[in-house]
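The values are calculated or read from the model by the stated rules, or taken from the named source; none is laboratory data. Just so it is clear, the model here is predicted, and its values are computed rather than measured. Every residue, glycine among them, receives a Cβ derived from its backbone with ideal geometry; neighbour counts consider all protein chains shown. Keep in mind that these areas ignore ligands, DNA and RNA; they rest on the heavy atoms of the full protein, side chains included. Shrake-Rupley method; radii C 1.70, N 1.55, O 1.52, S 1.80 Å.
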Amino acid sequence: MTGVLSEECGPARSPVVWMRPGHVGYIGPELGVDLHAPSVAVLSVGLDGPFVLDTATHGEIYTGSCFAPARSVHRVNAPGGWILLLFVDPAGAPAMTIADEMTAVAGPYGLAHRRERELVELCRATVVEPDRIFADAVAGHTPVADPRIAWAASTINRNPDRAFRAEAMAAHLGLSTTHFLRLFARQCGTTFRGYQRWTRVVHAIRDAAAGRDLTRCAVDAGFATPSHFSETFHDLFGMSASGFLRTGVRFDLDLP
């Protein structure tokens, strides 16, 4: 299922998750998640007004939109309100571009996106266009990616079930392990290991959304056990995968 989202998917209708190369988005009610630390950066926007950003290090922050870098512990608290969550695949370095579009900061968190109002309008439109939302979030910029790191990320994405070792990838690229890991973290804003966790979860949920058994999907995506997948999903999103799938969210899939 590709393209724009139908009018059945806008706010006050049914929640939706889209999966695209480079970004995963959610439009729907705030789900009361626990504190969590996604492996990738996430932009949160309140669609019914400002929300409370609950953080582990800077207390509660009242804002209309927030950019949380990878591995920052937080949760959005907007009881009864609808939100946009835009998880950014760091392989192409778009997270840095979104961070630059925030007009205020509180510790590691960027606040008040320059086009917050436009993003709300796009999310509340009769026809929701995921790629347009992403383009607005990154201000249309296309960051220049290091081709070596882009290759590494692409290799991980194509083979989520493989346990890649940084030493082997670094050697293949003619780099020391230390330099490779530093380059990876600088471009992607997350760790080499964190990116592999993110990729596996995305592949597992994508396959489950297509109708396959969730446990089988988790194993095929490289998780050693179902409990390992469950723990990882909760760490990244603040709730269980089965609980999330039971919310009735609709999926719009456009991934290779």
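Counting only helices (runs of 4 or more DSSP H) that sit wholly inside the stretch 197-256, those with at least 3 residues that are open to solvent by less than 50 Å² (accessible area, probe 1.4 Å) and either touching a residue at least 12 places away in the same chain (Cβ under 8 Å) or among the aromatic types (Phe, Trp, Tyr) (or both) are 214-220, 226-237.
Taking the conditions exactly as written (at pLDDT 90 or above, within 17 Å of the chain's Cα centre (by Cα) and closer than 18 Å to ALA41 by Cβ), does VAL88 satisfy them or not? Show your work before the answer.
Values: at pLDDT 90 or above: no; within 17 Å of the chain's Cα centre (by Cα): yes; closer than 18 Å to ALA41 by Cβ: yes.
It is false that VAL88 is at pLDDT 90 or above, within 17 Å of the chain's Cα centre (by Cα) and closer than 18 Å to ALA41 by Cβ.
Here is a yes/no grid of residues against (1) under 26 Å from ASN77 (Cβ atoms); (2) of a type in the set (Gly, Ala, Ser); (3) at pLDDT 90 or above:
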site: ASP207; (1), (2), (3): no, no, yes
site: ARG216; (1), (2), (3): no, no, yes
site: ASP220; (1), (2), (3): no, no, yes
site: SER227; (1), (2), (3): no, yes, yes
site: THR232; (1), (2), (3): yes, no, yes
site: ALA241; (1), (2), (3): yes, yes, yes
site: ARG246; (1), (2), (3): yes, no, no
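Filtered by the rule that a residue be assigned to a loop (DSSP other than H, G, I, E, B) and under 17 Å from ASN77 (Cβ atoms), the stretch 22-39 gives GLU30, LEU31, GLY32, VAL33, ASP34, LEU35, ALA37, PRO38.
β-branched (Val, Ile, Thr), in contact (Cβ under 8 Å) with a residue 24 or more places away in the chain and in a loop (DSSP other than H, G, I, E, B): does that describe THR190?
Numbers: β-branched (Val, Ile, Thr): yes; in contact (Cβ under 8 Å) with a residue 24 or more places away in the chain: yes; in a loop (DSSP other than H, G, I, E, B): yes.
Spelling it out, THR190 is indeed β-branched (Val, Ile, Thr), in contact (Cβ under 8 Å) with a residue 24 or more places away in the chain and in a loop (DSSP other than H, G, I, E, B).
Kindly indicate whether ASP136 is of a type in the set (D, E, K, R), at pLDDT 90 or above and under 18 Å from the mean Cα position of the chain (by Cα). Spell out the reasoning first.
Numbers: of a type in the set (D, E, K, R): yes; at pLDDT 90 or above: yes; under 18 Å from the mean Cα position of the chain (by Cα): yes.
When the stated conditions are applied, ASP136 passes them.
With GLU30, GLU7, GLU60 as the choices, which residue is within 27 Å of GLU231 (Cβ to Cβ) and either at pLDDT below 90 or touching a Pro at 6+ places or on another chain (Cβ under 9 Å) (or both)? Answer to the check: GLU30.
Among the residues of the stretch 168-196, write down those that are at positive phi and buried (at least 17 other Cβ atoms within 10 Å of the Cβ). Please lay out each step first, then the result.
Of the stretch 168-196, the ones at positive phi are 174, 189.
Residue satisfying the conditions is GLY189 alone.
If the condition is being farther than 14 Å from GLY238 by Cα, of a type in the set (D, E, K, R) and buried (at least 16 other Cβ atoms within 10 Å of the Cβ), then the stretch 31-81 contributes only ASP48. Any residue in the stretch 90-102 that is within 19 Å of GLY25 (Cβ to Cβ), surrounded by 15 or more Cβ atoms within 10 Å (Cβ to Cβ) and without any contact (Cβ under 8 Å) to a residue 40 or more places away in the chain? The answer is yes, given that some residue of the stretch 90-102 is within 19 Å of GLY25 (Cβ to Cβ), surrounded by 15 or more Cβ atoms within 10 Å (Cβ to Cβ) and without any contact (Cβ under 8 Å) to a residue 40 or more places away in the chain.
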